[in-house]
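Have a look at the structure below, then the notes.
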Amino acid sequence: MRAAVMPAPGAPIEVRDLPVPALEPGAVLLETIASEVCGTDVHLWRGRLAGVPYPIIPGHVAVGRIAAIGSADRAPASGSSATAPADLEGRRFEVGEVVTFVDVHGTCGACWYCLVARQSTRCPKRRVYGITMGVADGPSGGWAEAILLRPGTQLLRLPPGLDPETFVGGGCGAVTAFHAVRRGGVRLGDSVVVLGAGPVGLSAAAFAALSGADPVIVVGAPADRLAMAGRMGAALCIDLDRLPHAARRDAVLGCTGGRGADVVIEAAGVPAAVAEGTTLCRDGGVLVVAGHYTDGGEMALNPHAQLNRPHLEVRGCWGSDASHFEGAIRTMARHQGRVPWGEMVTRWFPIEESGAALQAVAARTLLKAGIRPTTGSAPGA
Ligand SMILES: [Zn+2]
Ligand SMILES: [Zn+2]
């Protein structure tokens with residue numbers, strides 16, 4: 001089976017032939033239908049994440065068809081088996097089903113963070129397909145013809161009508177955004193500002209609007225991403241390239257009764273955006289920081305003026321769990337007719353062009369790059 005491998009930070013992406021792995025009971029071999037280039041893959045390529053076991057196969061979010069399920073009698077099962085993984089209702093998966101999977105694997109359910117703090121995304125045992133699982137773990141990322149899903153990996157069916165390309169259009173950004181909107185506690189009628197018009201910011205705008213937020217305001221650039229933000233559900237789009245900070249703040253105050261937004265979601269990944277977020281939030285409001293998956297540096301902050309006196313609540317938002325995948329998938333399936341997730345992928349790349357896809361995302365020359373390992377052709381092309 002072929003896989004696009006990131007050998008080391010900065011090294012060119014290589015297409016390698018890997019052996020098809022043997023399956024232990026409960027493991028699943030997924031024939032990849034679609035994956036994506038996430039912003040995190042750019043961080044991985046730049047060597048900006050710790051604990052990455054290069055060489056790796058990127059593509060932590062993907063959709064595939066179950067090709068085989070490891071069974072207890074060692075022969076791959078042709079249908080459902082007693083060792084097959086089950087969905088959240090306990091129904092076992094079968095060969096041939098189209099599924100995605102929670103990219104986080106191995107959350108232990110037994111440590112202090114899992115059991116006492118109930119913050120499973122901070123479990124030290126958790127590992128992530130395509131990020132902290134590498135080639136040594138078998139084919140463990142979506143930029144490959146197949147993905148080995150270890151026993152215990154949570155699989156999720158795509159609901160009827162939600163095609164793989166539409167789901168991957170939202171992809172990791174949609175799951176992250178779903179978490180961020182939940183983390184912000186967005187309620188009916190809240191005013192929401194989203195900072196950043198990348199895949200996370202665009203899906204955050206969509207989910208906030210679907211939550212009943214009004215208005216939803218996106219601050220970002222360039223113009224084509226802001227146009228997309230409008231189609232995703234933003235009522236007002238503020239161009240970061242054209243308006244200075246004071247004017248951006250005036251624009252937000254102008255449509256929030258002069259107070260600022262109830263909830264601000266930072267999805268820009270730029271430290272200054274967090275500081276700006278404090279100035280766009282109303283007193284007593286909530287600021288969610290979701291854009292800093294890697295260390296982007298520091299920012300200046302006046303604790304009196306920006307935190308203490310405005311009685312601001314700042315919430316970090318790290319990773320995702322099964323609830324965010326389940327919620328994002330269900331919401332996307334229901335609302336895909338009015339929210340154009342499927343159009344967020346600017347271009348689909350075959351596996352051989354994974355390196356070009358990565359460079360295009362790094363250079364921000366396209367909004368999103370999809371990877372189609374098995375056919376290499378654009379959907380419908
Ligand atoms: Zn744990
Ligand atoms: Zn991601």
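Annotations
- Meets criteria (over 28 Å from Val15 (Cβ atoms), among the aliphatic types (A, V, I, L, M), away from ligand 2 (no atom under 16 Å from the Cβ) and buried (at least 21 other Cβ atoms within 10 Å of the Cβ)) for Ala84: yes
- Only listed residue being out of contact with any Asp or Glu (no Cβ under 7 Å at 6 or more places or on another chain), more than 27 Å from Gly47 (Cβ to Cβ) and surrounded by fewer than 17 Cβ atoms within 10 Å (Cβ to Cβ), chosen from Gly316, Gly254: Gly254
- Highlighted here are the strands (runs of 3 or more DSSP E) found entirely within segment 270-350 that include at least 3 residues which are in contact (Cβ under 8 Å) with a residue 24 or more places away in the chain and among the aliphatic types (A, V, I, L, M): 281-289.
- Residue in segment 127-139 that is in a helix (DSSP H, G or I), out of contact with any strand residue (DSSP E or B) (no Cβ under 8 Å at 6 or more places or on another chain), among the hydrophobic types (A, V, I, L, M, F, W, C) and more than 10 Å from ligand 1 (Cβ to nearest atom) present: yes
- Residues (farther than 21 Å from Ala146 by Cβ and more than 16 Å from ligand 2 (Cβ to nearest atom)) located in segment 8-49: Ala8, Pro9, Gly10, Ala11, Pro12, Gly47
- Some residue of segment 63-76 being among the acidic types (Asp, Glu), more than 16 Å from ligand 1 (Cβ to nearest atom) and modelled with pLDDT under 95: yes
- Complete set of residues in segment 351-374 that are of a type in the set (A, V, I, L, M), over 16 Å from the mean Cα position of the chain (by Cα) and assigned to a loop (DSSP other than H, G, I, E, B): Ala363, Leu366
- Considering segment 99-125, and only residues there that are part of a loop (DSSP other than H, G, I, E, B) and within 19 Å of the chain's Cα centre (by Cα), the residue that is surrounded by the fewest Cβ atoms within 10 Å (Cβ to Cβ) turns out to be Gln119.
- Any hit, segment 176-184, residues being buried (at least 19 other Cβ atoms within 10 Å of the Cβ), closer than 21 Å to Ala360 by Cβ and within 16 Å of ligand 2 (Cβ to nearest atom): yes
- Of the residues screened, Gly64 is not one that is buried (at least 24 other Cβ atoms within 10 Å of the Cβ) and either of a type in the set (A, V, I, L, M, F, W, C) or within 16 Å of ligand 2 (Cβ to nearest atom) (or both).
- Within segment 185-205, considering residues that are within 21 Å of Arg364 (Cβ to Cβ) and in contact with a strand residue (DSSP E or B) (Cβ under 6 Å, 6 or more places away or on another chain), the one surrounded by the fewest Cβ atoms within 10 Å (Cβ to Cβ): Gly196
- Only a single criterion out of (1) over 21 Å from Pro350 (Cβ atoms); (2) loosely packed, with under 14 Cβ neighbours inside 10 Å is not satisfied by Glu14, namely (1).
The values are calculated or read from the model by the stated rules, or taken from the named source; none is laboratory data. Owing to the predicted nature of the structure, the values given are computational and were not obtained by experimental measurement. So basically every Cβ, Gly included, is an ideal-geometry build from the backbone, and we count neighbours across all protein chains shown.
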